[in-house]
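Right, one structure below, let's go through it.
The values are calculated or read from the model by the stated rules, or taken from the named source; none is laboratory data. None of these values were measured; they are calculated from a predicted model. For neighbour counting, all protein chains shown are included, and Cβ atoms are generated from backbone atoms with ideal geometry for every residue, glycine included. The area values use the complete protein model at the heavy-atom level, side chains included, leaving out ligands, DNA and RNA. Shrake-Rupley method; radii C 1.70, N 1.55, O 1.52, S 1.80 Å.
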Amino acid sequence: MARTIQSLERAAAVLRLLAGGERRLGLSDIASSIGLAKGTAHGLLRTLQQEGFVEQDASSGKYQLGAELLRLGNSYLDVHELRARALVWTDDLARSSGESAYVGVLHQRGVLIVHHVFRPDDSRQVLEVGAMQPLHSTALGKVLAAFDPVAHNEAMEAGLRAITDATVVDPAAFDRGLTEVRTRGWAADVGETWDGVASVAAPILDRRRMPVGAVGITGAVERMLEGSAPRPRLVAAVRDCARSVSRDLGSGRF
């Protein structure tokens, strides 16, 4: 059996205690409830406080859960609601386009794939849920970078490294491309991440009309392109899917 990290177990016990009991607890109450010396408990609380997971009331000195936990919880709920709302629409997208459909969100300077629908044929495919894609070279990533300033900053901080000969690595050219994405409402990637592969993606907006993710399709360039540009029917299918998911999230028309 794998060994656990005692300090993390103790920190988790503190958080559970604060979540399940009185709204605020003092140091002695916390230490006695989880069987720790006051010095040890104080060290854990100080660390959790520095990270924003615990707050200390200035007047009473008692502790309560911090705002960072609320932010993390909302992020968890947002991703799971996004995936739940996207299930039917991405199935329809894969079926109508004949290509693999993906939903991605911003995560650690990249795009985290949270949902993947296989291309509707008999070819061997690998589930890519949990995979990371670059922000700067994929259609999903460009959509996030175009509509979310945080994603844009993270793309720049991560660096515009060349993945293929087609990858855009000049910051000014990258920003011009994002301006075009914002104007037309969708992004494309033609061989910028994988040779011979093209993608189209559009933004998913929440009830606050903020970008919470992107949906797109990926396939071989000969199927995806008409000349040098994505086939209009595929672009329309992706945008319709994004609108439908956004509408289900409460954003209305956009």
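Which of A13, A202, A131 moves the most in a Gaussian network model of the chain with Cα springs under 10 Å?
Result for the chain, Cα springs under 10 Å: A13 fluctuates most.
Determine the relative contact order of segment 119-254: mean sequence separation of Cα pairs under 8 Å and six or more apart, normalised by residue count, in whole percent. Before the final figure, lay out the partial values.
Values: 214 pairs, mean separation 28.4, N = 136.
Averaging sequence separation for qualifying contacts and normalising by length gives 21 percent for segment 119-254.
Helix hunt in the chain: which complete DSSP H runs extend at least 30 Å axially by C-alpha with mean Kyte-Doolittle at least -0.5? Write out the running numbers ahead of the final one.
Working: long enough: 67-97 (43 Å, -0.18).
The qualifying helices are 67-97.
For a quick check, take a GNM of the chain with Cα springs below 10 Å and name the residue from L65, L178, L106 with the largest mean-square fluctuation.
Evaluated over the chain, the most mobile residue of the options is L65.
Taking only DSSP H segments of four or more residues, each worth -39500 (n - 2.57), what value at 222 nm results for the chain once the sum is divided by all its residues, to the nearest 500 deg cm²/dmol?
That comes out to -15000 deg cm²/dmol.
Once neighbouring chains are kept in place and the probe is 1.4 Å, which whole percent of the accessible area of the chain is contributed by carbon and sulfur?
Percent of accessible area from carbon and sulfur atoms in the chain: 52.
Could you provide, to the nearest whole Å², the per residue accessible area of the chain with probe 1.4 Å?
On a per-residue basis, the chain sits at 54 Å².
What longest region of the chain stays clear of trypsin sites (Lys or Arg not before Pro) that DSSP places outside H, G, I, E and B and that have at most 15 other Cβ atoms within 10 Å? Write down the numbers at each step before the final one.
Numbers: sites that count: R3, R23, R124, R161, R207, R208, R209, R253.
The longest such stretch corresponds to 24-123.
With the cut-off at 1.5 for a/c, could you classify segment 71-168 from its C-alpha gyration tensor as rounded, prolate or oblate?
Oblate shape, in that a/c is at least 1.5 and b/c is the bigger or equal ratio.
Per 0.36 nm of contour for each residue apart, how much would the distance between W194 and S33 grow if the chain were fully extended, relative to their Cα-Cα spacing?
Length difference between fully extended and current span is 52.5 nm.
Where is the GNM fluctuation largest for the chain (alpha-carbon springs, 10 angstrom cutoff): T164, T193, T40?
Highest fluctuation of the listed residues: T40.
Given Cα pairs under 8 Å that are at least 6 residues apart, what percent is the relative contact order of the chain?
Value for the chain: 14 percent.
Please state, rounded to one decimal and in Å, the Kirkwood hydrodynamic radius that segment 160-221 gives when every pair of distinct Cα atoms enters the mean of 1/r.
Computed over segment 160-221, the radius equals 12.7 Å.
Once you list every other residue whose beta carbon is under 14 Å from the beta carbon of L178, what net charge do they have if Lys and Arg are +1 and Asp and Glu are -1?
-3
Looking at [x] 20.9; [y] 18.5; [z] 20.4, which value of Kirkwood radius over Cα pairs in Å comes from a calculation on the structure shown?
So the structure-derived entry is [z].
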